[in-house]
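Structure record follows, encoded as structure tokens.
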């Protein structure tokens, strides 16, 4: 009953006309940006952060949540129409979505994606609503030692589940943490790595890094990669589904939503793994599994339900523990910190309007995606026809406005360029970018927890091994690093000599 | 002499970086009142971690093909001289924009940058280029400065 009352309270906030407008702006802008190949939810969120500057925290987070699932939906659109998934989370959608588009059923594929996203998103919000308060109660007992261990697990899980080199992922995470400690140490007032530069005393703003590493680096990468120029876009056609088709996708959507939600809750897993798991589960279960990859509607419904459910799931660790489980939720956490809100177990008690307002806004946002975005898709998809030179220069302007708008400091524009070039180098040499952003966000929090834990123990490092929860989390972190190595060993053994 | 592979070159670069980082970490002054952990503990930990990871990278074989990113997907770029020049000029345009934004104002500097870059990337329909940039830059300026109260330089323009 409590949850229902709280949800009603949340709806009171989400249905405020101003917040309603921001939900719409969020899902619309998210869809638009997410649709552009290469620009995923992280870039979309980073580009939208300047808009949240002067907003109340609840409104700001409502907008950002809208951008997040809008971007996932937008990514599906480019997967289906162009076979160019904007984000890895929608790659599985293109397996059957693009063949459907080639068969003249792009509208149908988009409609399935929208319905599956809506149901996946809605079910995951139910899960979030039920699990988050329970997890908050457990997390209240967490001290700095447990938090430190939890953050180590968050980082290692993201690195180990990335499909790039484990070592390169760890390097990216450490680099992110190194960036996070530039500036004045708030506990002692000591300057670290500022090189006497006044502008670095307050540290490097995460938005400068996020926009540089993701959005600007993507522009640079697209400049070096002219292949994407003239991809023909499939026509959309009818968006209607028959009764039989609805019946056929109902069960896969339900199953994949549950699977996706729990995958999203796990640190590091998220939309990509959720969507692949959903797709392969349905392929195995289906009687017509051999038609997967050739335009099977269940092959669109399953990954779409799973990736949206995973988005909802990823809010669980973010809102209840204050620890993001992915690069995208790390950017969301950064945005929250800019707005003066620190998520964590106490958020439910101290800022219920933010917590329940966001949950209720997710219902509204999902409804907007379905009711407003779907009919608008044929028009929104025209952005894919916009000349590439115009799009690239506009993204650059958005990056620079975003950076200049936070600090009014031209020094940060130069920093943006530096991080853009670092991001480009990372892409060219196979370093994943998500661990860097996670390391950047978690670095300062990890250092604080580590120091507080060591203050308590009088400098004795064994405190991290003497507390059962912390020890379990650290063992899980070690295991998450060992798993890819074991996988590699097994693969090597299976390969004939 | 055996040629170094790309991972080994990157590892050497990162090794040099981590040594520099550690030298600076050891120079972080101690706090006046003795504490169990001071400002230098975390940087030293990170420096040694990076050092160890660079050594491991040196030993890792480079992947046969460019793997895909966990957050975004892409193909490996095929770039020629033209693309590299475009990238270089784009990089230069950012500090130039930083120099111009205060004297010219947000609107004029952004229009100049946007239209200039679109031209550099090969867009030759100048009227549409200017119109598209105006349609984005002007509403963005009005939204940020007039609606959201974020100060953006006006330059010679009266608004």
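The values are calculated or read from the model by the stated rules, or taken from the named source; none is laboratory data. Treat the numbers as computed from the prediction; the structure is a model and nothing was measured. Virtual Cβ from ideal backbone geometry, glycine too; neighbours counted across all protein chains shown.
Observations on the structure shown:
- Among the residues listed as A:408, A:398, the single one being farther than 30 Å from residue A:125 by Cα and without any contact (Cβ under 8 Å) to a residue 40 or more places away in the chain: A:408
- The condition of being more than 25 Å from the chain's Cα centre (by Cα) and either crowded, with 17+ Cβ neighbours inside 10 Å or within 29 Å of residue A:423 (Cα to Cα) (or both) holds for only one of A:471, A:454, A:489, that being A:454.
- Filtered by the rule that a residue be part of a helix (DSSP H, G or I) and more than 17 Å from residue A:146 (Cβ to Cβ), segment A:451-479 gives a lone residue, A:479.
- Residues satisfying the stated conditions in segment B:23-55, i.e. closer than 30 Å to residue B:2 by Cα and in contact (Cβ under 8 Å) with a residue 24 or more places away in the chain: B:47, B:48, B:50, B:51, B:53, B:54, B:55
- Filtered residues of segment B:88-135 (kept if farther than 25 Å from residue A:408 by Cβ, within 9 Å of chain A (Cβ to nearest Cβ) and part of a helix (DSSP H, G or I)): B:118, B:119, B:120, B:128, B:129, B:132
- Unique match (being more than 15 Å from residue A:392 (Cα to Cα) and either surrounded by 14 or more Cβ atoms within 10 Å (Cβ to Cβ) or at pLDDT 90 or above (or both)) among B:113, B:117, B:108, B:130: B:108
- Complete set of residues in segment A:397-420 that are at pLDDT 90 or above and at the interface with chain B (Cβ under 7 Å from one of its Cβ atoms): A:413, A:414, A:416, A:417
Each row is one residue, and each column tells you yes or no for (1) in a loop (DSSP other than H, G, I, E, B); (2) within 27 Å of residue A:436 (Cα to Cα).
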position: A:311; (1), (2): no, yes
position: A:333; (1), (2): no, yes
position: A:343; (1), (2): yes, yes
position: A:369; (1), (2): no, no
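- Of all residues in segment B:4-57, those satisfying the criterion of being within 23 Å of residue A:452 (Cα to Cα) and at pLDDT below 90 are B:29, B:30, B:31, B:32, B:33, B:34, B:35, B:36, B:37, B:38.
- In segment A:312-326, the count of residues that are more than 18 Å from residue A:135 (Cβ to Cβ) and surrounded by 21 or more Cβ atoms within 10 Å (Cβ to Cβ) is zero.
- The set of residues in segment A:174-186 that are more than 9 Å from chain B (Cβ to nearest Cβ) and either at positive phi or assigned to a helix (DSSP H, G or I) (or both) comprises A:176, A:179, A:180, A:183.
- Meeting the requirement of 1 or more residues that are surrounded by fewer than 23 Cβ atoms within 10 Å (Cβ to Cβ) and free of Cβ contacts under 8 Å to residues at least 12 places away in the same chain, the helices (runs of 4 or more DSSP H) wholly within segment A:1-116 are A:2-14, A:17-35.
Conditions (1) surrounded by fewer than 20 Cβ atoms within 10 Å (Cβ to Cβ); (2) within 30 Å of residue A:153 (Cβ to Cβ), marked per residue:
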residue	(1), (2)
A:379	yes, no
A:384	yes, no
A:399	no, no
A:413	no, no
A:419	no, yes
A:425	yes, yes
A:433	no, yes
